[in-house]
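The structure appears right after this line, and notes come after that.
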Amino acid sequence: YKATHNCSAFIIGEHSEIKRTSDDGEPSGTAGKPMGDIINYMGVTNLVVVATRYFGGIKLGAGGLIRNYAKTAKLAVNEAGIVEYVERSIFILDYDYENTSEIEAFLSGNSQKFGVEILEKNYSNRVTMKILANDEIESELNRLKKIIVIKM
């Protein structure tokens, strides 16, 4: 709360549909815009970068502010790391007990390819499993023909 400036830039959406920057009291175009330009240049989306500055009595000038805010944004993105976003969905799988080893072998063998995460397993008359996975898994599961697949 004692920070002099909390400048920010964000790009949201697969095709950078929403872009905003804020200089938060710094001279116009010396903080948010350079940060936004850097993250745009890096080709990353779906992120927010906030740089907090406490004024220490040394005036940096417009050029110094631009360089420092841009560098801060680049360092923050590099330190956080860039991860490719892959949309995943929840699937309910329902099958007979006799197919358990085949279904579980399929899921474990394709866990990397489809980003499979098992959320729940229920055993009653049949086996019901709730998983989180890439959408491409649906057609592969339906080829097994021994399973009911419901995409949520």
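The values are calculated or read from the model by the stated rules, or taken from the named source; none is laboratory data. For clarity, every value in this text was computed on a predicted model and none was experimentally measured. Please note: Cβ atoms are built from the backbone with ideal geometry, for glycine as well, and neighbour counts cover all protein chains shown. Heads up: the accessible areas ignore ligands, DNA and RNA and are worked out on the full protein's heavy atoms, side chains in. Shrake-Rupley method; radii C 1.70, N 1.55, O 1.52, S 1.80 Å.
Remark: pairs (first residue in region 128-152, part of a loop (DSSP other than H, G, I, E, B); second residue of a type in the set (Val, Ile, Thr) and modelled with pLDDT of 90 or more; Cβ separation under 8 Å; 6+ apart in sequence or on different chains) = Leu144/Ile103; Lys146/Ile103; Met152/Ile90; Met152/Ile92.
Listed conditions (1) modelled with pLDDT of 90 or more; (2) more than 30 Å from Lys2 (Cβ to Cβ); (3) touching a helix residue (DSSP H, G or I) at 6+ places or on another chain (Cβ under 9 Å) are all met by Asn122, apart from (3). Within region 12-44, restricting attention to residues that are touching a His at 6+ places or on another chain (Cβ under 8 Å) and in contact (Cβ under 8 Å) with a residue 24 or more places away in the chain, the residue that is farthest from Tyr69 (Cα to Cα) is Glu26. Quick one: would you say Tyr123 is touching a Phe, Trp or Tyr at 6+ places or on another chain (Cβ under 9 Å), open to solvent by 60 Å² or more (accessible area, probe 1.4 Å) and of a type in the set (Phe, Trp, Tyr)? Yes; evaluated as a whole, the condition is true for this residue.
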